[in-house]
Amino acid sequence: MPEELKNVGEEYQRLSKEGFDAVTRSFGEMNKGFQALAAEMTDYSKRTFEDVFRAWEQLLSAKSVEQMIDIQSQYAKKAYDTHMSEMSKLGDIYVAIARNASKPVEQATARTARKVE
């Protein structure tokens, strides 16, 4: 009986360590994902600012109202297309963060389930 209790205690410690390691790896994956998200958002912000600045330069050099309307229309279309593309990219990044962060915990859970069976 004491040997069985010792084995149960050792197994509990091992499983606890595996769970802690899985959670640690999960947080590491989340951190990498959020860094990628921040880098993408920074890049998008820079591109957007450059596009706005370029549009203002073009508007200031326009020779007619029609040309100004054309410049504004082109800018609005590009801004919309860029925004929609960026939202799709950010969605993909969020999905990847969730998928990558959950893998270590899923793997540890699967290993534990196999050992318990």
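The values are calculated or read from the model by the stated rules, or taken from the named source; none is laboratory data. Predicted, not measured: the structure shown is a model, and the values here were computed from it. Methodologically, a virtual Cβ is constructed for each residue, glycine included, from the backbone with ideal geometry; neighbour enumeration extends over all protein chains shown. Accessible surface is based on the protein model in full, side chains and every heavy atom, while ligands, DNA and RNA are left aside. Shrake-Rupley method; radii C 1.70, N 1.55, O 1.52, S 1.80 Å.
For segment 1-29: of the residues being of a type in the set (A, V, I, L, M, F, W, C) and out of contact with any Pro (no Cβ under 6 Å at 6 or more places or on another chain), which is surrounded by the fewest Cβ atoms within 10 Å (Cβ to Cβ)? Selected residue: M1. Return yes when T42 is touching a residue at least 24 places away in the same chain (Cβ under 8 Å), in a helix (DSSP H, G or I) and among the polar types (S, T, N, Q) and no when it is not. When the stated conditions are applied, T42 does not pass them.
Is there a residue in segment 99-117 that is at pLDDT 95 or above, of a type outside the set (G, A, S) and out of contact with any helix residue (DSSP H, G or I) (no Cβ under 9 Å at 6 or more places or on another chain)? Full working, then the answer.
In the first step, residues of segment 99-117 are kept if they are at pLDDT 95 or above; the result is none.
Among the residues of segment 99-117, not one is at pLDDT 95 or above, of a type outside the set (G, A, S) and out of contact with any helix residue (DSSP H, G or I) (no Cβ under 9 Å at 6 or more places or on another chain), which makes the answer no.
Taken over segment 1-55, residues that are out of contact with any helix residue (DSSP H, G or I) (no Cβ under 8 Å at 6 or more places or on another chain), among the polar types (S, T, N, Q) and within 30 Å of M68 (Cα to Cα) amount to 2. Here are some residues: K32, K77. Which one is surrounded by 13 or more Cβ atoms within 10 Å (Cβ to Cβ), charged (D, E, K, R) and more than 30 Å from N7 (Cβ to Cβ)? Just a single option satisfies the conditions, and that option is K32. In the set (1) in a helix (DSSP H, G or I); (2) more than 30 Å from T24 (Cα to Cα); (3) among the hydrophobic types (A, V, I, L, M, F, W, C), the condition left unmet by I93 is number (2). Residues that are in a helix (DSSP H, G or I), touching a Pro at 6+ places or on another chain (Cβ under 7 Å) and open to solvent by less than 50 Å² (accessible area, probe 1.4 Å) do not occur anywhere in segment 48-63.
Going by what's in this entry, would E66 be described as of a type outside the set (A, V, I, L, M), in a helix (DSSP H, G or I) and either surrounded by fewer than 10 Cβ atoms within 10 Å (Cβ to Cβ) or in contact with a strand residue (DSSP E or B) (Cβ under 9 Å, 6 or more places away or on another chain) (or both)? Can you show your working first?
On the way: of a type outside the set (A, V, I, L, M): yes; in a helix (DSSP H, G or I): yes; either surrounded by fewer than 10 Cβ atoms within 10 Å (Cβ to Cβ) or in contact with a strand residue (DSSP E or B) (Cβ under 9 Å, 6 or more places away or on another chain) (or both): yes.
Judged against the criteria, E66 is a match.
Taking S102 as the residue in question, decide whether it is in a helix (DSSP H, G or I) and loosely packed, with under 13 Cβ neighbours inside 10 Å. Judged against the criteria, S102 is not a match.
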